[in-house]
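To start, the structure under review is shown below, and the notes come after it.
The values are calculated or read from the model by the stated rules, or taken from the named source; none is laboratory data. Bear in mind the structure is a predicted one, so any value in this text is a computation, not a measurement. Glycine gets a Cβ as well: all are built from the backbone with ideal geometry, and neighbour counts include every protein chain shown.
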Amino acid sequence: MPRDIKCFVIMPFSQSTAEHTEAYWNALFENLIKPLIEENSGIDVFRSAPRREDVLGEIIKNLVTQHIVVADLTDHNPNVFWELGVRQSFQHRTITIAEHGTKLPFDLGKKGTLFYHTKDAVKNEQFRHDLRTAIQDCIDHPDRPDSYVLEAIAGRGSLFEIIRREEVQRRIHALKSELDFNLYLLELVTNRVKNNIEIQSKKIKGETATNKKVTVTARFRYPSIELLVATRYLDASDDLYSNAESYYDDLHRLNDQMLVWETCTEETDSYIAKTSDSYLRVFQSFAKDLKPYLK
């Protein structure tokens, strides 16, 4: 197998107990963990090491990007637990190991930790077999979940889905509010056009009009519908999106007319009078499509 897969091992690198010295951890890595993983799959195995410079950024990068991480939970080393938390916030493919007799915290009790025997080679054969199997499983099934964190925030019924659903509802209600305003504005514009046409008709007949021609300075709103058309965040049919695009296009056509209404009043009045019913149907059709998504 090509050596293009890396395995990052997180474990103490300084003395953690009277028995577990820096030399002990170095020997455990070099004589057991590293060769065992490499003989199984031929991958590159490495660990962080104490250095004078700050290597926290490099550690985080390795925790997030490396294909496999093996975490030794022996002695409940706080750095190892913190690094494990970082890893499982971003990736699956994490294997936890510990010396036989280690009592794991409740949070990790359900995770399938593999226990090794440093003083009993016979009993340690089961660990060797299990670790090789776990490493190969990470290679063969990279998407198999093993992080409680990612399972909680991603997938059906997860925190991520709940947040996304709430965000979609906020967007839909904003879209409905925008649509209600545009329906109101379309009605207002239509009534003003009728008023202007009536005044113009009286003027042609030589009659005196009691009202003056008026225009509307407000504009049709479209940020919410533009977001829907651009991102298609609703799990909806093609018909809904087709109607949404028609509604969006109509808003821009109407706004173009609103821009010239003051200077080309009669032409704009005539255009809106002829097309307002068509615009209204498009607005109402989209409102009907949107209704089932409002909760």
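None of Ile135, Ile163 is outside the structural domain of Arg87 (by TED's automatic domain parsing) and farther than 30 Å from Phe220 by Cβ except Ile163.
If you go through the range 129-146 and keep only what is touching a residue at least 60 places away in the same chain (Cβ under 8 Å) and assigned to a helix (DSSP H, G or I), you end up with Leu131, Arg132, Ile135, Gln136, Cys138, Ile139.
What pairs come out if I take residues in the range 48-61 that are surrounded by fewer than 10 Cβ atoms within 10 Å (Cβ to Cβ) and pair them with residues that are modelled with pLDDT of 70 or more whose C-beta lies under 8 Å away, six or more apart or interchain? These pairs meet every condition: Ala49/Phe13; Pro50/Phe13; Pro50/Ser14. Please indicate, with yes or no, whether at least one residue in the range 106-128 is among the basic types (Lys, Arg), outside any loop (DSSP other than H, G, I, E, B) and under 25 Å from Thr17 (Cβ atoms). Yes, there is a match, as at least one residue in the range 106-128 is among the basic types (Lys, Arg), outside any loop (DSSP other than H, G, I, E, B) and under 25 Å from Thr17 (Cβ atoms). Put simply, of Glu99, Glu38, Glu30 the only residue that is free of Cβ contacts under 8 Å to residues at least 12 places away in the same chain and farther than 16 Å from Arg132 by Cβ is Glu30. Going by the structure shown, is Leu251 assigned to a helix (DSSP H, G or I), surrounded by 14 or more Cβ atoms within 10 Å (Cβ to Cβ) and not charged (D, E, K, R)? When the stated conditions are applied, Leu251 passes them. Name the pairs whose Cβ atoms lie under 6 Å apart, with the first residue in the range 239-267 and in the same structural domain as Ser224 (by TED's automatic domain parsing) and of a type in the set (D, E, K, R), the second part of a loop (DSSP other than H, G, I, E, B) and modelled with pLDDT under 95, and 6 or more positions between them or separate chains? As it stands, the answer is Glu262/Thr215, since those pairs meet every condition given. Filtered by the rule that a residue be under 24 Å from Ile59 (Cα atoms) and surrounded by 14 or more Cβ atoms within 10 Å (Cβ to Cβ), the range 91-107 gives Gln91, His92, Arg93, Thr94, Ile95, Thr96, Ile97, Ala98, Glu99, Leu104.
Just checking, how many residues over the range 106-120 are closer than 14 Å to Phe81 by Cα, among the charged types (D, E, K, R) and at pLDDT 80 or above? Final tally of qualifying residues: 0. Looking at the range 111-125, which of the residues that are surrounded by 16 or more Cβ atoms within 10 Å (Cβ to Cβ) and over 11 Å from Leu32 (Cα atoms) is nearest to the chain's Cα centre (by Cα)? So, considering only residues that are surrounded by 16 or more Cβ atoms within 10 Å (Cβ to Cβ) and over 11 Å from Leu32 (Cα atoms), the one nearest to the chain's Cα centre (by Cα) is Lys111.
Here Ile37 passes the criteria (1) under 19 Å from Phe115 (Cβ atoms); (2) assigned to a loop (DSSP other than H, G, I, E, B); (3) not basic (Lys, Arg) except the one numbered (2).
Scanning the range 63-78 for residues that are assigned to a helix (DSSP H, G or I), over 17 Å from Ile139 (Cα atoms) and not charged (D, E, K, R) returns Thr74, His76, Pro78.
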